[in-house]
1. Ignoring ligands, DNA and RNA, what percent of the 1.4 Å accessible area of the range 24-76 is carbon and sulfur?
2. Cross-link candidates for K64: which aspartates and glutamates have Cα within less than 19 Å, leaving aside residues fewer than 8 places away along the same chain?
3. Check which residues have an amide H placed less than 5 Å from E30's amide H, if you skip close sequence neighbours.
4. Helix-only estimate, please: 222 nm mean residue ellipticity of the chain, summing -39500 (n - 2.57) across DSSP H runs of length 4 or more and dividing by its residues, to the nearest 500.
5. Would you mind counting up the charge near S65? Only other residues with Cβ under 10 Å from its Cβ, with Lys and Arg at +1 and Asp and Glu at -1.
6. Solvent-accessible area per residue for the chain at a 1.4 Å probe radius, Å²?
7. Percent relative contact order of the chain, based on C-alpha pairs within less than 8 angstrom and at least six residues apart?
8. Taking P(r) over Cα pairs in 5 Å bins from 0, in percent straight from the coordinates, which label in (i) 3, 13, 25, 24, 18, 10, 5, 2, 1, 0; (ii) 3, 13, 22, 22, 17, 10, 7, 5, 1, 0; (iii) 2, 13, 18, 15, 12, 9, 11, 11, 7, 2, 0 is the correct one?
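The values are calculated or read from the model by the stated rules, or taken from the named source; none is laboratory data. A quick note: this is a predicted structure, and the numbers were derived from the prediction, not measured. Methodologically, a virtual Cβ is constructed for each residue, glycine included, from the backbone with ideal geometry; neighbour enumeration extends over all protein chains shown. The area values use the complete protein model at the heavy-atom level, side chains included, leaving out ligands, DNA and RNA. Shrake-Rupley method; radii C 1.70, N 1.55, O 1.52, S 1.80 Å.
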Amino acid sequence: IIDDQQLEKAAETLKAVSHPARLRIIEILEQGERSVTEIQGFLGITQSLTSQHLSNMRVRGVLKSRKNGSMVYYSIANPDVVKVIHCIRQGKH
């Protein structure tokens with residue numbers, strides 16, 4: 001049986017990635033760190049919306065960021081979220 005604390009943490013993580021764009025971001029970052037501009041290019045949405053999604057996941061501990069001059073780079077902070085992408089891939093028919 002999974003303890004309540006683990007279930008709460010899992011629920012928060014799932015909430016953090018529960019949007020198609022956020023799942024795509026995880027898929028993009030699965031291969032390694034990317035800049036906001038690169039991520040935006042893959043998503044095809046505005047920089048503002050991209051930044052909102054990235055910030056949401058960073059605050060919840062799913063992603064981490066680092067600054068290099070004026071560029072911000074994101075990577076996966078919680079490797080368990082990659083398992084969500086793997087489950088989605090396995091379920092694809």
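1. Working: 1330 of 2990 Å².
Ligands and nucleic acids excluded, carbon and sulfur give 44 percent.
2. Once the sequence-local aspartates and glutamates are set aside, what remains near K64 is E12, E27, E30, E33, E38, D80.
3. Amide H to amide H, under 5 Å and 5 or more residues apart or across chains, E30 pairs with nothing.
4. Details: 5 runs with 56 residues, N = 93.
Estimated from H runs of four or more residues: -18500 deg cm²/dmol.
5. On the way: positive: R58, K64, R66, K67; negative: E33.
Spelling it out: positives minus negatives among the neighbours equals +3.
6. Working: 6220 Å² over 93 residues.
Ligands and nucleic acids excluded, the figure is 67 Å² per residue.
7. On the way: 88 pairs, mean separation 27.5, N = 93.
That works out to 30 percent.
8. Checking each listed value against the structure points to (i).
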